[in-house]
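Below is one structure, written out as C-alpha cells, with a few remarks after it.
Laboratory data are not the source of any read-out in this text; all were calculated from the coordinates shown. All values reported here derive from a predicted model rather than from experimental measurement. Glycine gets a Cβ as well: all are built from the backbone with ideal geometry, and neighbour counts include every protein chain shown.
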Amino acid sequence: DVKVTQSSRYLVKRTGEKVFLECVQDMDHENMFWYRQDPGLGLRLIYFSYDVKMKEKGDIPEGYSVSREKKERFSLILESASTNQTSMYLCASTTGGSGNTIYFGEGSWLTVV
Amino acid sequence: RKEVEQDPGPFNVPEGATVAFNCTYSNSASQSFFWYRQDCRKEPKLLMSVYSSGNEDGRFTAQLNRASQYISLLIRDSKLSDSATYLCVVITKAAGNKLTFGGGTRVLVKP
C-alpha cells in the first residue's frame, strides 16, 4: 500500500519559532510538493522538488524553505513562524512521468499563536 | 488570471439529479488532468484521471476540451455521499511536472 506520511498532524507553535514539517514517501517518487490550504483560497503551491537536492519555488514561497536531502523525504521549514502561516499543510508526491496518480499525506494542521 | 480556475459553488443538487461543472486552465502546455475529491478536513483523494477521449467511471464522466482549455466533471444520479469539494489538478511537464490545483467546486447533495 503506497504511502505519504506527514509526521506531525497537529501542531501549535509560537510566533517566531522555527517549525519543521516532515513528509516521507515510500514509493520512490521523484516529485514531491508542499501545499497549504486555506478556506476560500484552495490549495496553493509553496515549493516542489523533482529530484534530490533540487527545489523549485511555487506560487507562495515567501516565509518558507525546503530541504530534500534524500529522495523519500521532503521537509518544509518555517524559519520564523507567523500567525498568517496558520493553515493546513499538505504534502504530495508523484512519479516523474505525466499521467500518474498524485498521492497525498493526511495533512498537518499548524496553528501559530 | 489564475492558472487553474473553478466555480467555487456551492452547487446545491437534489438527490438523484445530475450536476456538471468545469475547470479551466491557462497553460496550453499542460498535459495531464485529474479530478480529486476532498471531504472536510481530509486530504484529497483521486476520483478519476481525465483522458483526451473522455472517460466514464460509474456515475462520473470526465471530459477534456483542449481547444478551449477546460475539463469537466459530470455526476449522474447524485447520492448524498457525493457531497464534497471537487478539485481539478493540472500537471505541466514543461514546468517540471508542476501540479496546480483549482480552488475546488463544492457540491451539496440534498434529500
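Charge tally for A:R68 (other residues, Cβ to Cβ under 12 Å; Lys, Arg +1; Asp, Glu -1): -1. For A:K3, the lysines whose Cα comes closer than 17 Å to its Cα, not counting residues fewer than 8 places off in the same chain, are A:K70, A:K71, B:K42, B:K45. The mean sequence separation of alpha-carbon pairs under 8 Å and at least six residues apart, normalised by the residue count of chain B, gives a relative contact order of 38 percent.
In peptide A:34-45, how many Cβ atoms from other protein chains are near each Cβ within 10 Å, on average? Present the calculation step by step, with values, prior to reporting the outcome.
On the way: counts 0, 3, 0, 6, 0, 0, 3, 2, 12, 12, 3, 5.
Mean shielding count: 4.
Can you tell me the relative contact order of chain A? Whole percent, Cα pairs under 8 Å, sequence separation 6 or more.
On the way: 297 pairs, mean separation 40.1, N = 113.
This gives 35 percent for chain A.
Taking amide hydrogens as placed 1.01 Å from N in the peptide plane, the amide H of A:S8 sits under 5 Å from those of A:E22, each at least 5 positions away in sequence or on another chain. Annotation for A:K53 and B:R76: the two label points, set 7 Å from Cα along the Cα-Cβ direction, are 5.4 nm apart. Couplings for region B:2-18, taken from phi via the Karplus curve 6.51 cos²θ - 1.76 cosθ + 1.60 with θ = phi - 60°, read 6, 5, 9, 10, 9, 6, x, x, x, 9, 8, 10, x, 4, x, 7, 9 Hz in order; Gly and Pro are left as x.
Determine the equivalent ellipsoid of region A:8-96 by diagonalising the alpha-carbon gyration tensor, then write out the semi-axes as square roots of 5 times the eigenvalues, largest first, rounded to whole Å. Working shown, then result.
On the way: eigenvalues 92, 38, 28 Å².
Computed over region A:8-96, the values are 21, 14, 12 Å.
Contact order for region B:1-63, expressed relative to its length and based on alpha carbon pairs under 8 Å spaced 6+ residues apart, stands at 21 percent. Going from the fewest other Cβ atoms within 10 Å to the most, the residues B:L64, A:L43 appear in the order B:L64, A:L43.
Of the candidates A:G42, A:G16, A:G58, which one comes out as most mobile in a Gaussian network treatment of chain A with C-alpha springs shorter than 10 Å? For chain A, modelled as a Gaussian network with Cα springs under 10 Å, the answer is A:G42.
Take each of the peptides B:6-16, B:97-107, B:31-41, average the number of other beta-carbon atoms within 10 Å over its residues, and list them starting from the highest. The partial results should precede the final answer.
Details: B:6-16: 15.3, B:97-107: 22.5, B:31-41: 18.1.
Per-residue Cβ counts within 10 Å, averaged per peptide and sorted highest first, yield B:97-107, B:31-41, B:6-16.
The simple Förster model, with R0 at 25 Å and r as the Cβ-Cβ distance, assigns A:S65 and A:Y10 a FRET efficiency of 0.65.
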